[in-house]
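K.L.:
Structure in structure tokens, see below.
The values are calculated or read from the model by the stated rules, or taken from the named source; none is laboratory data. All values reported here derive from a predicted model rather than from experimental measurement. For neighbour counting, all protein chains shown are included, and Cβ atoms are generated from backbone atoms with ideal geometry for every residue, glycine included. Quick note on the areas: whole protein, heavy atoms, side chains included, nothing else; ligands and nucleic acids left out. Shrake-Rupley method; radii C 1.70, N 1.55, O 1.52, S 1.80 Å.
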Amino acid sequence: VFISTHSDRAVMEEIASFLSTVRCFNAIIVGRDKKGLRIFSYNPFAKKAYQFYELSSYLTFNLAFPDKYENLNGYTYRVLFYNEYPTVFVKKNRIIGSEVEFMVTIAEHQNAHLSFYQVHALRDHDEGFVKAFTSMSYDLSLNTGVNIEANLPRAIENVMTFETDGFCVMLPSQKRTSSYSVVLKPFDFWMWSLSALALIMFAAIWRLLNRNFSIVNYIMHFFGENLSLPQRRMIEKIILVMKCFLVFFITLSYESFTITFIANSQNDERLKPVNELISSNFTLLDNEVFTAKFNSSELYEKLSDKIVGRVGDINDLNFSKMAETKTGFILTCSAMDTLNEDNEGISELDKTAMEYFYKLPEKLVSFYLKFPTGPYSPFTEKLQHYSLKIFEGGLRKHWNSMMQKEDMRAVRGREAIQSGDYLMKLEDIAGAFYLLGFGLALAALSLILEIIWGYGVEIFWFTP
């Protein structure tokens, strides 16, 4: 309520013009003249003839302060934006996106129009974008990744979309291991050493108990051959059974692990929980928004030792070089999804990211998506009301589903099926054949030693 000592209509209109300039639309002007109390109001969105009008002194609250935003009578929303897929972006000279659909729906409901102004800024700290938006020339920005309220904390308000996003991490995929590496992979150094030591100890004890000790027979025992328990002493039987049990346990474990590793030899070992990332030897490039919002959090303190730089423009990232140096990066999860989607005509992102990197399934942090309205905007409350209704109706999910996008991994999979690359080839199971050949070679060697040891004398005597 604005009280004036003058009830002259021209003065009242000047006051109304001032209030409209400072965007104070829900106001009435009260004055007094010789005739008594006079009350005026105005509606900047009404037709020219009805913008400034006098009210009766007998008023209700609804008559004094009607909903002036229900019908904007052709008012044009001035929207500032930069390309931010899938919220708002330009494709084939058309501005589309989930939040664009939101504003189109609201404008139709309010009998308003939309006017979009694009700036070539990819980050909310871009001075040109912030300066343009805070000049009070624009009504709102549909970019949910923007953080302008930090510059004018009292003047800028946000409209909550009630949708969530978060910051995720992409890490380099490990190089595929060769089939030869599975030979020693099941056991570590200590397991191999202790197994060899145990077999040597059994051989020493067997030599002390049996003067007719034969290294060839001992090796045959290792492969389950040449066992003759009935003719042995009890202590020999116990030692022999213990050794056979040890060999059985070791060989069965080795065989099980080897088969598993051969089956998964083409799959990468990937981290899953964030805790594994913290204890890993990867380095990271962080996002400036992530740093600005969460630099005082406990998680950021744990990751700070791994952060070696910042992600500028995602289009400038050299994924192959980063993979070689074991450097990952932090971005919003929605931005990372664009790296795996077929966005031809939308963005020029390097699609090779999926060949070198994978995304951790667990988010670092989650947050609500919101977009800012202009300084001292009178539309914030109404837009928030509509946003809540649209969220409850699930319309944003519908608008997102209308985006024509395809997962690049599905595209690559379809191409692999068409080319036949999805079929298992002989080289994929080559490791199993190498192990089989190694085993057959040992069997042949044991056969040769058995023939030489058992029939060597006869062969020597009958050789001319």
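K.L.:
Could you tell me whether the range 123-140 includes any residue that is buried (at least 21 other Cβ atoms within 10 Å of the Cβ), touching a residue at least 24 places away in the same chain (Cβ under 8 Å), more than 23 Å from Lys293 (Cβ to Cβ) and not acidic (Asp, Glu)?
P.N.:
Yes, the range 123-140 has at least one match.
K.L.:
Among the listed residues Tyr376, Tyr422, which satisfies the condition of being open to solvent by 30 Å² or more (accessible area, probe 1.4 Å) and at pLDDT below 55?
P.N.:
Tyr422
K.L.:
Let me ask another. Name the residue that is surrounded by the most Cβ atoms within 10 Å (Cβ to Cβ), counting only residues in the range 163-206 that are at pLDDT below 70 and of a type in the set (S, T, N, Q).
P.N.:
Checked the range 163-206; the qualifying residue surrounded by the most Cβ atoms within 10 Å (Cβ to Cβ) is Ser179.
K.L.:
Could you tell me whether Glu84 is in contact with a helix residue (DSSP H, G or I) (Cβ under 9 Å, 6 or more places away or on another chain) and free of Cβ contacts under 8 Å to residues at least 60 places away in the same chain? Steps first, please.
P.N.:
Working: in contact with a helix residue (DSSP H, G or I) (Cβ under 9 Å, 6 or more places away or on another chain): yes; free of Cβ contacts under 8 Å to residues at least 60 places away in the same chain: no.
For Glu84, the condition - in contact with a helix residue (DSSP H, G or I) (Cβ under 9 Å, 6 or more places away or on another chain) and free of Cβ contacts under 8 Å to residues at least 60 places away in the same chain - is not met.
K.L.:
Looking for whichever is under 30 Å from Lys359 (Cβ atoms), open to solvent by 80 Å² or more (accessible area, probe 1.4 Å) and at pLDDT 75 or above here; the options are Lys405, Lys397. Which one fits?
P.N.:
Lys397
K.L.:
Further, regarding this structure: Hey, any hits in the range 318-330 for a residue that's open to solvent by less than 40 Å² (accessible area, probe 1.4 Å) and modelled with pLDDT under 80?
P.N.:
No, the conditions are met nowhere in the range 318-330.
K.L.:
Filtering the range 1-56 down to residues that are β-branched (Val, Ile, Thr) and open to solvent by 40 Å² or more (accessible area, probe 1.4 Å), which residue is modelled with the lowest pLDDT?
P.N.:
Thr5
K.L.:
Tell me, yes or no, whether the range 349-359 has at least one residue that is modelled with pLDDT of 80 or more and not hydroxyl-bearing (Ser, Thr, Tyr).
P.N.:
yes
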